[in-house]
Amino acid sequence: MAARGELLAIAGQIGWNTKEEIESDAFSEQFRQALANVVAVVEAAGGSATDIISLTIYVTDKREYVSEITQVGQIYRELLGKHFPTMALIGVSELLEDRARVEIQGLAVLASAGAPT
C-alpha cells in the first residue's frame, strides 16, 4: 500500500473505554472497542479511517477469533467499511492487561496540506 503524507503510528489499543475500563469479556465486543479506539486516534490526529494503511491484530486465543469471525467481520465493516489496509493477525500467550483478549496496533498516513495521497 503506497501513500504520501505524515505517518501516524498508533500504539496498541485494547478493548477498553475512555476510562480505561474493559466493559465486556466477549471477544467481539473487545474487538469492536479496540478497533474503535484505533479509529478515534486517527480522527484525533485529523485523519479518517481510510487513512489507516496497516493493522496488526494480536489475539490471545486464535480459536475464539475464528469462532467469532462473522461478528468480527460485521464490526470491521461498521467501522472501516470497504477499506482494507494491510493486516496481520498474531496469536500471543497474553497481553499486558489481564482481561484483554485483543490488541490492535496500526499505521496511518495523514494527508499533508497540498500533498496527494
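Things worth noting here:
- Computed label-point distance, nm, for sites Arg63 and Leu7 using a 7 Å Cα→Cβ extension: 3.9
- For the chain, built as a Gaussian network whose Cα springs stay under 10 Å, the top-fluctuating residue of Gln74, Gln33, Gln105: Gln74
- Note on Ala45 and Lys82: the model spin-label points, each 7 Å out from Cα along the C-beta direction, lie 2.6 nm apart.
- Dipole check for the chain: with +1 at the C-beta of Lys and Arg, -1 at the C-beta of Asp and Glu, and the Cα centre as origin, the magnitude is about 500 Debye.
- Virtual spin-label span in nm between Glu20 and Gln74, 7 Å along Cα→Cβ: 3.3
- Under a 5 Å amide H cut-off, with hydrogens placed 1.01 Å from N, Leu89 pairs with Ile57 among residues at least 5 apart or on other chains.
- Surrounding net charge for Gly91, when Lys and Arg each add one and Asp and Glu each subtract one, Cβ distance under 9 Å: 0
- A simple count of charges around Gly47, restricted to other residues whose Cβ falls under 14 Å of its Cβ and scoring Lys, Arg +1 and Asp, Glu -1, yields -2.
- Dividing the summed helix terms, -39500 (n - 2.57) for each DSSP H run of n ≥ 4, by the number of residues in the chain produces a 222 nm estimate of -9500 deg cm²/dmol to the nearest 500.
- Each of (i) 158; (ii) 95; (iii) 112 is a candidate for volume of the Cα convex hull per residue in Å³; the one calculated from this structure is (ii).
- All other residues whose Cβ lies under 15 angstrom from that of Ala9 are scored, Lys and Arg at +1 and Asp and Glu at -1, for a net of -3.
- With θ taken as phi - 60° and the Karplus curve 6.51 cos²θ - 1.76 cosθ + 1.60 applied, the whole-hertz 3J(HN,Hα) list for segment 15-27 is x, 10, 8, 5, 8, 6, 10, 7, 8, 8, 8, 5, 4 Hz, x standing for glycine and proline.
Quick note: the coordinates plus some simple rules give every number you see, no bench work behind them. Values in this document were obtained by computation on a predicted structure and should not be read as measured data. Methodologically, a virtual Cβ is constructed for each residue, glycine included, from the backbone with ideal geometry; neighbour enumeration extends over all protein chains shown.
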